[in-house]
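Enquirer: What follows is a structure written as structure tokens; I'll ask about it next.
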Amino acid sequence: MDETALFKLSYGVYICTSWDEGAPVGCIANSAMQITSDPATVAVSINRVNHTHKCIEETGHFALTILGEKSDPKLIGLFGFRSSKDVDKFENVAYSVRGKLPVVDDAIAFISCKVVGKMETATHTVFLGEVIDCGHLKKDRPMTYAYYHEVLKGKTSVNAPTFLKNEPAPEKAVWVCDVCGYTYDGEIPFEDLPDDWVCPLCGVGKENFHRK
Ligand SMILES: Cc1cc2nc3c(=O)[nH]c(=O)nc-3n(C[C@H](O)[C@H](O)[C@H](O)COP(=O)(O)O)c2cc1C
């Protein structure tokens, strides 16, 4: 079985949000899809170890903020590789409350949902949400999961359903961010990048990179 065939599935990149006792929380999720149109329902698959999972369970609500190609990629570093258990992800991130849920402003659309069903799998819960509000934000093309990998050079988190343990190594030597997995393979040799260069995904300095 060649599990890399699963890479041929297509997704978007979303911030799945909820509340933790009145404070906004959220994590990156690519595994979201529309299930029915009448009533409008969507599903998202969330790992039980994610703090966001506990908050969706407790509140019975979640929202999907749909990222665009021009959304700040640092949102993915912050929401996709750190936990609300350790950090207030919304401290410096502009958001609005829409359909009773926190929605990140730097995005193209939002879908706020009430949980109406769920299915447990080995590691993730698939939450089924009935849409209670949705709407457009900025004008931009939706960020696809392929764009995240191919253009932004992003990696998949170990907690994502699409994580592959033995992901094939890149053919040429690249520098990998220890925090978010971003791989640098740009034209300028990594050693020649200025000392104040930072990871475009999560914002840490060059000292957090190792050569692969
Ligand atoms: C590109 C990408 C896609 C991801 N997709 C999912 C997903 O679909 N479901 C999920 O549970 N976690 C996914 N993750 C992982 C979570 O975003 C990550 O574990 C996050 O740190 C959890 O934060 P929390 O503990 O504050 O909820 C993804 C991460 C990245 C970077």
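The values are calculated or read from the model by the stated rules, or taken from the named source; none is laboratory data. Predicted model, so just to flag it, every value in this text is computed and none were measured. Virtual Cβ from ideal backbone geometry, glycine too; neighbours counted across all protein chains shown. These accessible areas exclude ligands, DNA and RNA; they are computed on the full protein's heavy atoms, side chains included. Shrake-Rupley method; radii C 1.70, N 1.55, O 1.52, S 1.80 Å.
Enquirer: Accessible area per residue, 1.4 Å probe, Å², for the chain: what's the number?
Expert: In whole numbers, the chain has 54 Å² accessible per residue.
Enquirer: Give me the net charge of LEU78's neighbourhood, meaning all other residues with Cβ under 15 Å from the Cβ of LEU78; Lys, Arg count +1, Asp, Glu -1.
Expert: My count for the surroundings of LEU78 gives -1.
Enquirer: Return a whole-number percent for the relative contact order of segment 12-145, with Cα pairs under 8 Å and 6 or more residues apart as the contact set.
Expert: 31 percent
Enquirer: Please go through segment 100-208 and write out the chymotrypsin sites (Phe, Trp or Tyr not before Pro) that DSSP classes as loop and that have at most 15 other C-beta atoms within 10 Å.
Expert: Answer in residue order: PHE163, TRP197.
Enquirer: Now for a different question. Rounded to the nearest 500, what is the chain's calculated 222 nm mean residue ellipticity when only DSSP H runs of at least 4 contribute -39500 (n - 2.57) each, over all residues?
Expert: Working: 3 runs with 23 residues, N = 212.
Computed mean residue ellipticity for the chain: -3000 deg cm²/dmol.
Enquirer: Moving to a separate point now. Go ahead and set up a Gaussian network model of the chain, Cα springs under 10 Å, then flag whichever of GLY22, GLY99, GLY60 fluctuates most.
Expert: GLY22
Enquirer: What are the residues whose amide H is under 5 Å from the amide H of GLY203, where those residues sit 5 or more places off or on another chain and H is modelled from the backbone?
Expert: Those lying under 5 Å, H to H, from GLY203: there are none.
Enquirer: What trypsin sites (Lys or Arg not before Pro) does segment 1-74 have in DSSP loop regions with at most 16 other beta carbons within 10 Å?
Expert: ARG48, LYS70
Enquirer: Roughly speaking, what is the stretch gain from MET1 to ASP20, that is 0.36 nm per residue apart minus the C-alpha to C-alpha distance, in nm to one decimal?
Expert: Stretched out fully, the MET1 to ASP20 stretch lengthens by 2.8 nm.
Enquirer: Equivalent-ellipsoid semi-axes (√(5λ), Cα gyration tensor) for segment 12-145, whole Å, largest first?
Expert: Ellipsoid semi-axes (Å, largest first): 19, 18, 14.
Enquirer: Something else: Put one equal scatterer on each alpha carbon of segment 1-67, apply the Debye formula with no solvent term, and list log10 I(q)/I(0) at q = 0.24, 0.29 1/Å to two decimals.
Expert: Each listed q corresponds, in turn, to -1.06, -1.27.
Enquirer: Hey, another quick one. Please list, in order along segment 73-78, the HN-Hα scalar couplings obtained from phi with the Karplus expression 6.51 cos²θ - 1.76 cosθ + 1.60 (θ = phi - 60°), rounded to whole Hz, x for Gly and Pro.
Expert: Values, residue by residue: x, 5, 4, 6, x, 6 Hz.
Enquirer: Distance cut-off 27 Å, Cα to Cα: go down the list LYS8/LYS153; LYS89/LYS153; LYS85/LYS138 and report the pairs above it.
Expert: LYS85/LYS138
Enquirer: Any chance you could run the full-extension gain for MET33 through ASP195? It's 0.36 nm times the residue separation minus the Cα-Cα distance, nm to one decimal.
Expert: Roughly 54.2 nm would be gained on extension.
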